[in-house]
Amino acid sequence: MNIGVLKEIKQDERRVALQPVQAKALSSLDHGIYVETGAGEGAGFTDDDYLANGAKVVTKSEVLARSKLLLKVKAPLRSEYADYTPHHILFTYLHFDENIPAQDICELINAGFLGIAYEWVGKAGHYPLLEPMSQLTGYLFAQRALELCSQEKGVFCPRNEDVLPGGRALIVGCGNIGLSAFKYLSDLGVPLTIVVPRSQEEFNRKANDRFGTVGIDYIRTTGSELVVMDNKDPSRTQDVIAAALPETDIVLNCAVRRGNLPKQRMEYLIDRKMVRVMRQGSIICDCTACDRDMIETCTSSSSLYHSYREENVVHYNCDHIPSMVASTATRLLTARTFAYIRHIANLGSLQGVAEDENLRNGVCCYRGHLTHALSAEKKGLPYRSVSRLLEAVSTAA
């Protein structure tokens, strides 16, 4: 199969979807590799690196014309919607369930391509292509928040030794993003308050699993304060958070909204009134980049460096912060995606992809239909299952 590697055009996006050494491995399997000129430069890979590893470096139009499997990192921008045809398989992050408007989804998928989303490849709640970027996201947001707190509030939050007064951070969530933020800040001695969905036992189990340890009580050993989310009466949790915010220097939201807390039950975990009680120059980051979801004043940005003030509080909500360290991020991401790239190239069709449960779960669109149930539900769009589409294809044949 001919495989194309496209250059990212999103603002500040410097990652690339395939390393030169991986191009060599695919070439050795008789796949043709077409790389858009300059695609790898932001991640530290030159056109000559790809040429030396068996790829052809060509224009974007030639990549699109010659390739069946197209590789990207970020979801297509509107200016890219016309690039794809029913001939193409697009393998990238798509995030149809997040900030993209429903009408844009419809316009994009009407091109008819087979779209497989990195973030939904997997099964049983384990998404191996989302995991490394989520982990890196938590570390980078914690790092950036410390920098902003020093610059904008004049507070050095780490307590590397007792003489330093430090600052305080509040972390919402204990998934991959939240655990990375916890690890980064707690290792620097930053006093923490952590809001978790269930219990201290669950947090410690997750932390031990993630960090390869056994039996450590991370809450106790770090001296962190734990707030367990009250799902029956979320206002009680909001009251606890509100009481902590005046003495909090950094807020990192690392949680997405759960189905048991719809907007009707809890419009925001942190609303504008709560933000207003924070001291001037304090920092709020929504690490999930979901616009006005858990925090009323947070909207995402495509800029790696843009921050803004609302209620005298500095907000930073970049929606692709792993690009800040594009070389590291590319190596982490492609180490996970490569096996699937090779597998898709060998399968070559929706029927072949659908026979692999992990890949089937990642199929988000085909022949103009939205095939991801959660995205369809969130956007109020029609849904067609992959199995039904396969039946239709089989009947037509």
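The values are calculated or read from the model by the stated rules, or taken from the named source; none is laboratory data. None of the values given here were measured: they were computed from a predicted structure. Neighbour counts are summed over all protein chains in view; Cβ atoms, including those assigned to glycine, are modelled from backbone coordinates with ideal geometry. These accessible areas exclude ligands, DNA and RNA; they are computed on the full protein's heavy atoms, side chains included. Shrake-Rupley method; radii C 1.70, N 1.55, O 1.52, S 1.80 Å.
Based on the Cα gyration tensor of region 39-114, what are the three equivalent ellipsoid semi-axes, each the root of five times an eigenvalue, rounded to whole Å and given largest first?
26, 15, 9
Expected output is a single nm value to one decimal: the length gained when fully extending between Ser302 and Thr395, i.e. 0.36 nm times separation in residues minus the C-alpha distance. What is it?
Value of the extension gain: 29.1 nm.
How high is the FRET efficiency from Gln280 to Val21, r the C-beta distance, R0 56 Å, rounded to 0.05?
Between Gln280 and Val21 the formula returns 0.70.
Subtract the Cα-Cα distance of Asp291 and Val228 from 0.36 nm times their separation in residues, and report this length gain in nm to one decimal.
20.3 nm
Sorted by average packing, counted as other Cβ atoms within 10 angstrom per residue and highest first, what order do 272-281, 135-144 take?
135-144, 272-281
Using only helices, what value at 222 nm comes out for the chain when you add -39,500 (n - 2.57) per DSSP H run of length 4 or more and divide by the total residues, to the nearest 500 deg cm²/dmol?
-10500 deg cm²/dmol
Less than 13 Å Cβ to Cβ from Leu136, Lys/Arg counted +1 and Asp/Glu -1: what total charge do the surrounding residues give?
+4
At what distance in nm do the modelled label points of Lys263 and Lys123 sit from each other, each positioned 7 Å from its Cα along Cα→Cβ?
With each label placed 7 Å out from Cα toward Cβ, I get 3.5 nm.
How far apart, in nm, are two points set 7 Å out from the Cα along the Cα-to-Cβ line at Glu147 and at Thr59?
3.7 nm
Tell me, what HN-Hα J-couplings in whole Hz come from the Karplus equation 6.51 cos²θ - 1.76 cosθ + 1.60 at θ = phi - 60° for each residue of region 160-165, using x for Gly and Pro?
These are the phi-based 3J(HN,Hα) values: 5, 8, 5, 5, 7, x Hz.
Are any of the pairs Lys72/Lys206; Lys10/Lys56; Lys10/Lys379; Lys10/Lys153; Lys72/Lys379 more than 27 Å apart by Cα-Cα distance, and if so, which?
Pairs exceeding 27 Å: Lys72/Lys206; Lys10/Lys153.
Please sort 233-239, 371-377 by packing, taking for each peptide the average over its residues of neighbouring beta carbons within 10 angstrom, highest first.
Sorting 233-239, 371-377 by mean packing, highest first, produces 371-377, 233-239.
Leaving out ligands, DNA and RNA, and with a 1.4 Å probe, what % of the accessible surface on region 162-211 is carbon or sulfur?
Carbon with sulfur: 51 percent of the solvent-accessible area.
Given that compact globular proteins tend to follow 2.2 N^0.38 Å, what is the ratio of the alpha-carbon Rg of region 327-397 to that value?
In units of the 2.2 N^0.38 Å rule of thumb, it is 1.30.
With each label point set 7 Å from Cα along the Cα-Cβ vector, what nm distance links Asp239 and Ser28?
Distance between the two pseudo-spin positions: 6.4 nm.
To two decimal places, what compactness ratio does the chain give when its Cα radius of gyration is scaled by 2.2 N^0.38 Å?
1.04
Just to verify a number: FRET efficiency for Asp187 and Cys106, C-beta to C-beta distance, R0 = 41 Å, to 0.05?
0.35
How far, in nm, would the chain grow between Asn208 and Glu41 when pulled straight, counting 0.36 nm per residue and subtracting the alpha carbon separation?
56.4 nm
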